[in-house]
Amino acid sequence: MIYNFMKKQITSIGLGVVGVLLCISCDTDLVETYEQYVPEQVISLAMPDSVAPVATAYNKILFKVFVNADPKIKKAVVTLFDDDITDDDEKIVTVIDINRTIYKPEIYQTELELPEGGSEYFVHLEDSEGNKSIKYDVFGTVLGDTYKESLQARHYDEVTYPSEVGVVISWTSNRRFQMDSSGNPELDDDGNEIVLVINNLLVKTAITYTSSTDGTEKTIEVDESEDETIISDFVSEGTFSYVTYYRVAVDSPYFFESNPNEAMFPEKI
């Protein structure tokens, strides 16, 4: 029995040594493979942390490139994917120079004028030697004529003339009550009726008219939350025009205006 036990121990030790030798052999092979296929001098740039293409104005788009802290980065290159097989698959849209003053993640941006439509863009980073990072693939949309034609000026219900105040433009409200299953307005914890915004992209409406006071052209702005606009210095049976401004996206600082509508003031009595 003692002989069998010693034999098992010797066998285990032998297997362990073989395992170590195999591991050493594996390590050696991996190192040799690395040295064979990877050059000694490797310059690796990280790809952009993210890229945000933002529609800003008529036929304009803003590229916001979030750059990592790598001090070797000298520029960001934005290219447009082109599926025309007769030429290059990518066309350079813009190059953003990166002048690092601090080596931590930063945002670099540029606004471009491009044709309307949605396109696929690639963004990569480069160092001073032309070494490139992996491409960041992103889809961006440029807004133009087609989008503007889809925007309608805010609708008004009527224009009335209570002589004691002036003309009153009654707008279709951009608010409504949140209703319960019984058709009654729902209440919040404080007992107030819950009011919902119908179009959260609508910002304001601008009305332009001729003042009866001095004959000059005036423009007043009506917030989307207002349901009535009072104008006292209007010209009897004169015309006024109005446009409505819409956000490009919820919480966006960029607006698009609708095409203008024209209407007429009532006769002064």
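Structural remarks
- Residue in the range 232-249 that is outside the structural domain of L62 (by TED's automatic domain parsing), surrounded by fewer than 15 Cβ atoms within 10 Å (Cβ to Cβ) and more than 20 Å from T160 (Cα to Cα) present: yes
- The criterion of at least 1 residues that are exposed (fewer than 11 other Cβ atoms within 10 Å of the Cβ) and assigned by TED's automatic domain parsing to the domain that holds V77 is met by the following strands (runs of 3 or more DSSP E) wholly inside the range 118-194: 136-142.
- Residue list for the range 204-262, filter: in contact (Cβ under 8 Å) with a residue 60 or more places away in the chain and over 22 Å from E149 (Cα atoms): E228, T229, I230, I231, S232, D233, F234
- Any hit, the range 192-207, residues being hydroxyl-bearing (S, T, Y), out of contact with any strand residue (DSSP E or B) (no Cβ under 8 Å at 6 or more places or on another chain) and within 21 Å of N261 (Cα to Cα): no
- In the range 256-269, residue farthest from the chain's Cα centre (by Cα) [restricted to those that are under 15 Å from L202 (Cα atoms) and surrounded by 15 or more Cβ atoms within 10 Å (Cβ to Cβ)]: S258
- No other residue among Y34, Y108, Y3 is at pLDDT 90 or above and aromatic (F, W, Y) apart from Y108.
- So V159, is it touching a strand residue (DSSP E or B) at 6+ places or on another chain (Cβ under 6 Å) and over 30 Å from E267 (Cβ atoms): no
The values are calculated or read from the model by the stated rules, or taken from the named source; none is laboratory data. Everything numeric here is computed off the predicted structure, so don't read it as measured data. Here the Cβ is made from the backbone with ideal geometry for all residues, glycine too, and neighbour counts use every protein chain on show.
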